[in-house]
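Here, each number is a calculation from the coordinates, and none is a lab measurement. Keep in mind that this is a model prediction, so the values were computed, not measured. A quick note on method: Cβ atoms are made from the backbone with ideal geometry, for glycine too, and the neighbour counts reach across all protein chains shown.
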Amino acid sequence: MIKRHLPFATVAVIALVAAPLLLEPFRLGLLAKYLCYAIVALGIGLAWGKGGMLTLGQGVFFGLGGYSMAMYLKLTEAEGGLPDFMVWSGVEELPALWVPFANPVFALSMAVLGPVVLAVVLGTLVFRQRVRGAYFAILTQALAAAMVILLVGQQGLTGGTNGMTNFFELFGQDLAEDSTQRGLYLVVAGVLGVLYLATRQLVNSRYGRLLVAVRDGEDRVRFLGYDPALVKTVTFAASAGMAGLAGALFVPVVGIISPALLGVVPSLELVVAVAVGGRHVLAGAVLGAVVMGYAKTAFSEQFADGWLYLQGALFIVVMTLASKGIAGVAQTVAGRLRSARAT
Amino acid sequence: MLELRDVQVAFDGFRALDGVNLTVPEGELRFLIGPNGAGKTTLIDVVTGLTRPAAGSVRFAGQDLVGRKEHQIVRLGVGRTFQTSVVFEELTVVENLDLAASFREPLWALTRRRKGVSEAVAESLARTGLEALAERPAGVLSHGQRQWLEIGMLLAQRPRLLLLDEPVAGMSKDERERTGELLTAIAADHTVVVVEHDMDFLRRHASTVTVLHEGRVLVEGSVDEVSVDPRVQEVYLGRRADDTVGERS
């Protein structure tokens with residue numbers, strides 16, 4: 001029992017105790033950002049790795065969560081007036097859509113429920129029609145593209161291409177303060193930890209077995225008396241909810257939300273990160289998001305344009321040489337060591 | 001128990017089933033034979049909801065099956081296997097059986113971990129003789145063992161009617177023998193319909209046989225009656241009436 005939880009406990013101690021003590025605020029902020037992406041990756045690991053649903057549009061759910069949070073932050077700062085970007089766009093009255101987001105409980109609930117409801121509607125329509133594989137992937141990608149067009153087109157409602165930025169406080173805390181950022185980091189790390197444990201529990205349950213069965217033989221599952229569409233919809237909705245929550249956390253951590261952060265490319269980048277980390281293992285998905293986040297920052301600091309090529313190359317290398325990603329390589333090495341020790 | 005009336009199925013103008021009438025009483029072990037393209041698998045597809053008939057009725061235990069979804073028909077107690085066995089290779093044998101046995105649980109109840117082995121699963125393991133392989137992933141099973149696992153998965157669901165599509169295809173002689181014994185044992189407390197090509201297997205294990213030909217029921221009767229019926233020999237075997245039935249089509 002203790003042995004089984006040792007890896008998780010070690011990582012948790014490093015993340016919650018060591019990292020805040022050792023990292024300077026700027027670096028801790030970056031790690032918080034990567035952990036937000038890791039929450040999305042966890043959802044992708046569940047939906048794609050376990051459930052076989054290649055979702056290329058997680059940015060949509062991430063964005064819904066992010067915009068919900070950003071709307072709340074903008075409204076608290078405006079103190080009853082209009083958010084700055086609306087004034088610049090010549091909007092004179094607060095749009096009705098915005099009004100309830102002044103309530104933090106509503107905004108946070110919507111950050112999760114919005115994506116969940118959208119995923120349930122989409123999943124019900126799509127999975128009932130037995131759309132799957134590449135068709136599902138293309139559909140979700142189209143959704144991401146459509147979302148960007150919608151956001152950019154509604155300048156007065158969403159801030160258009162620039163999105164929303166200049167957030168100063170959250171629940172009365174100054175967002176520029178290091179202590180606030182450290183607290184935010186701990187919240188993000190805690191949320192990731194709890195979601196990871198919950199997802200792992202789900203994957204190890206009968207539901208997890210059912211999900212793998214749906215991935216590997218959807219038609220056979222149907223003849224076992226289960227409704228695969230329901231299983232897939234529920235799982236897709238769970239991954240969407242995670243992405244939404246990640247988006248809501250991302251906004252105060254990074255200080256901006258814009259269409260460029262949730263379109264086709266960021267959605268794809270996360271899928272690539274999960275593939276590199278290892279989609280078959282939840283920890284691999286999480287690790288992939290953090291590693292790719294760091295790699296992106298490190299490389300962009302050195303050579304601005306090189307990252308895209310490196311990312312593409314890395315993806316190809318992983319897909320051709322180690323299709324199970326870093327986690328797969330780690331498992332193989334661990335297996336070899338164990339058998340070497342046994343002989 | 002199972003009753004098909006004037007069932008018709010057409011694929012692009014080709015009549016796969018052309019007015020099939022079939023009644024299988026409760027507790028019977030019925031064999032369904034016929035040359036390739038006779039409509040045997042299509043018939044199973046119609047019963048299990050995979051194919052919708054253009055006309056006719058399919059009734060099981062007093063319920064109309066036409067128009068119901070696959071998983072709903074399974075929930076009424078109709079289970080089937082496929083010609084090419086599909087087991088979940090990443091899951092262990094026990095997990096495969098457990099998944100099959102849990103199908104009546106609501107989705108939220110499945111989020112709990114499996115604890116031990118349920119009665120239905122243990123019984124399936126014993127019946128199919130897969131106990132020694134219980135904790136191995138299904139991917140390592142041989143072809144014959146996969147078929148048994150599939151039959152075991154059906155049994156774990158405690159169905160009232162089992163439809164088996166060529167369960168001994170590709171099996172070795174020993175495996176056939178064991179499968180035959182398994183079928184006979186299952187038939188003692190289930191209604192079973194078996195699609196089979198293998199005449200040798202048929203004569204060893206079948207009692208009542210229905211012969212399909214070009215989408216219609218040609219003859220129905222005991223193995224002996226059917227195998228000497230001149231019409232059967234003509235269409236199914238393409239042989240003279242005095243020749244014995246002995247080889248696979």
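Data overview
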| item | result |
| --- | --- |
| FRET efficiency estimate (nearest 0.05) - Cβ-Cβ, B:Leu107 to A:Thr165, R0 51 angstrom | 0.80 |
| Rg [Å, one decimal], Dmax [Å, integer] - the stretch A:2-262, C-alpha atoms | 19.5, 61 |
| Reach of A:Lys324 by Cα under 19 Å, taken over lysines that are not fewer than 8 positions away in the same chain | A:Lys50 |
| Reciprocal mean inverse distance between Cα atoms of the stretch B:1-60 - Kirkwood radius, Å | 11.8 Å |
| Reference-scaled alpha-carbon Rg (2.2 N^0.38 Å with N residues) for the stretch B:1-142 | 1.24 |
| Choice from A:Ala19, A:Ala248, A:Ala96 showing the highest fluctuation, given a GNM over chain A with Cα pairs closer than 10 Å | A:Ala96 |
| Stokes-Einstein D for the stretch A:246-343, Kirkwood Rh over Cα pairs, 37 °C, 0.692 mPa s (µm²/s) | 220 µm²/s |
| Net length gained if the chain between A:Ser323 and A:Ala134 were fully extended (0.36 nm per residue, minus Cα distance) | 66.2 nm |
| 3J(HN,Hα) from dihedral phi, the stretch B:73-79, Karplus parametrisation 6.51/-1.76/1.60, rounded to Hz, x for glycine, proline | 5, 4, 5, 7, x, 10, x |
| Cα-based convex hull, the stretch A:40-162, per residue volume (Å³, whole number) | 109 Å³ |
| Stokes-Einstein D for chain B, Kirkwood Rh over Cα pairs, 20 °C, 1.002 mPa s (µm²/s) | 114 µm²/s |
| Dipole-positive endmost among A:Val212, A:Ala145, A:Ser109 within chain A (Cβ charges, Cα centre) | A:Val212 |
| Spin-label pair A:Gln173/A:Arg338, simplified geometry with 7 Å Cα→Cβ offset, distance in nm | 4.1 nm |
| Calculated from backbone phi, Karplus (6.51, -1.76, 1.60) coupling profile of the stretch A:98-104 in Hz, x at Gly/Pro | 7, 3, x, 6, 5, 8, x |
| Per-residue mean of C-beta atoms belonging to partner chains within 10 Å, peptide A:223-235 | 6 |
| Residue with peak Gaussian network fluctuation, chain B [Cα springs, cutoff 10 Å], from B:Leu29, B:Leu99, B:Leu183 | B:Leu99 |
| Hydrodynamic radius (Kirkwood) for the protein assembly as shown, which is based on Cα pairs only, to one decimal in Å | 27.3 Å |
